[in-house]
Amino acid sequence: VEPRLVSARASVITPRLILIVIRDITERERVEEMRRDFVANTSHELKTPVGAVSLLAEAVESAADDPDQVRHFASRLSAEAARLSQLTSRIMNLSRLQSADDLTELRDVSVDEVVAAAIESQSVAADSAAITVARGGERHAYVRGDVQVLTEAVANLVANAIAYSPQGGQVGVGVKLDGGVVEIAVTDRGIGIPEDEQERVFERFYRADQARSRRTGGTGLGLSIVKHAVQRHGGEVEVWSRPGRGSTFTVRLPAVPAPDDLPIPKKRKK
Ligand code: ADP
């Protein structure tokens, strides 16, 4: 019996099994390469603000006798520190979304509430640029997901729409429910994105040329976070844009039925 068992085992190592093993190794290598790239890009991106912080700290020290100068450098120092803190928290969020860990807080989420919270979180930026953010469309759409991750994704789109719009501009956030799919579209009439850069804006740390000169505060991580957040929810995001005319970012997510406890609208008797 023994020898036969061995030969039966040996025959289990088929070309197909070898292929699966190779595929698994390739996948592991790919993940490892992604991780290495991520660490390399991230360290590079952190160098600039860290360098600025240490230069500004030196400037504060050497201006010790001049209170106005001290105040000036101290306020730039705190702006740079805030940027550094935003950058690190975005890096952490992105790395969490890219990892294999499951999203933890899954529940039925009202898209209306997500959109409202996302707009609210950007109200200071909108007010300071006199930009109105209008919201419209379907109010009873639901998706299954992590409310914080989804809110951050929509907030990033709204933040960009505001940041790349002219003073006094208009931004719209519309929700549609269509055949089991929820569509959230964020539209602006701002600077737009050249066609050859539209694919690349979702890459981490990528910033289009125009944006680099226009908005120094950006991290180039916002859209990468949006893409991963949406993909983790089984959805997709796409961009439509025309330079000088504006942009629309559309997120599509699988819809779930509205929770039972919602009042069902009564049909009027004729
Ligand atoms: P950033 O922090 O630079 O805004 P993002 O990842 O959010 O990073 O966006 C990447 C790049 O995509 C931006 O630097 C900008 O070039 C472009 N972009 C994103 N949203 C818009 C928009 N609404 N209008 C014009 N350009 C945009």
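The values are calculated or read from the model by the stated rules, or taken from the named source; none is laboratory data. Quick caveat, the model's predicted, so the values are computed rather than measured. A quick note on method: Cβ atoms are made from the backbone with ideal geometry, for glycine too, and the neighbour counts reach across all protein chains shown. Quick note on the areas: whole protein, heavy atoms, side chains included, nothing else; ligands and nucleic acids left out. Shrake-Rupley method; radii C 1.70, N 1.55, O 1.52, S 1.80 Å.
Annotations for the structure displayed:
- Here the condition is being closer than 17 Å to Leu221 by Cα and open to solvent by 80 Å² or more (accessible area, probe 1.4 Å); of Arg71, Arg96, Arg83, it holds for Arg96 alone.
- Yes/no for Gly234 being more than 11 Å from the ligand (Cβ to nearest atom), closer than 21 Å to Glu113 by Cβ, open to solvent by 30 Å² or more (accessible area, probe 1.4 Å) and not in a strand (DSSP E or B): yes
- Condition check for Ile162: within 14 Å of the ligand (Cβ to nearest atom) and either β-branched (Val, Ile, Thr) or farther than 28 Å from Glu105 by Cα (or both): yes
- Condition check for Arg76: touching a helix residue (DSSP H, G or I) at 6+ places or on another chain (Cβ under 8 Å) and crowded, with 18+ Cβ neighbours inside 10 Å: no
- Matching strands (runs of 3 or more DSSP E) fully within segment 132-178 where at least 1 residues are open to solvent by less than 70 Å² (accessible area, probe 1.4 Å) and in contact with a Pro (Cβ under 9 Å, 6 or more places away or on another chain): 142-146
- Remark: pairs (first residue in segment 184-199, part of a loop (DSSP other than H, G, I, E, B); second residue basic (Lys, Arg) and more than 6 Å from the ligand (Cβ to nearest atom); Cβ separation under 6 Å; 6+ apart in sequence or on different chains) = Gly192/Arg242; Gly192/Arg245.
- Leading residue by the ranking (farthest from the ligand (Cβ to nearest atom)) among those in segment 215-231 that are at pLDDT 80 or above and open to solvent by 30 Å² or more (accessible area, probe 1.4 Å): Gln231
- Within segment 119-130, considering residues that are touching a residue at least 40 places away in the same chain (Cβ under 8 Å) and open to solvent by 10 Å² or more (accessible area, probe 1.4 Å), the one farthest from the ligand (Cβ to nearest atom): Ile119
- Ser247 vs. criteria open to solvent by less than 60 Å² (accessible area, probe 1.4 Å) and either more than 15 Å from the chain's Cα centre (by Cα) or modelled with pLDDT of 95 or more (or both): yes
- Identity of the residue in segment 99-115, hydrophobic (A, V, I, L, M, F, W, C) and open to solvent by 40 Å² or more (accessible area, probe 1.4 Å), that ends up modelled with the lowest pLDDT: Ala100
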